[in-house]
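Please treat every number below as a calculation from the coordinates, not as lab data. Predicted model, so just to flag it, every value in this text is computed and none were measured.
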Amino acid sequence: MSDLLDRVHRALDEIRPFLQNDGGDIQLAEITECHEVKVRLLGACAGCSVNQMTLKNGVETTIKKYAPEVIAVIHSHD
């Protein structure tokens, strides 16, 4: 699981500058046993009305590029 964790962190590092340019950020909340990645959108991204689209189109695509075994990326609200 540590290899998967490393690859997900590398994907988030690739995404982070784009989110920070818009006043936001992203944080890994959890990787479940069934390979769902839960992330928190922070700052301006947290209240953004398009964050679900951003999550699917940008974040999920990038994470799956690094870790194709990931089945879904979910926004964590906790």
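Percent of C-alpha pairs per 5 Å bin in the range 1-43, short distances first: 6, 22, 31, 22, 12, 6, 1. If the chain linking GLU14 and ALA29 were pulled fully straight, counting 0.36 nm for each residue of separation and taking away their Cα-Cα distance, it would gain 3.7 nm.
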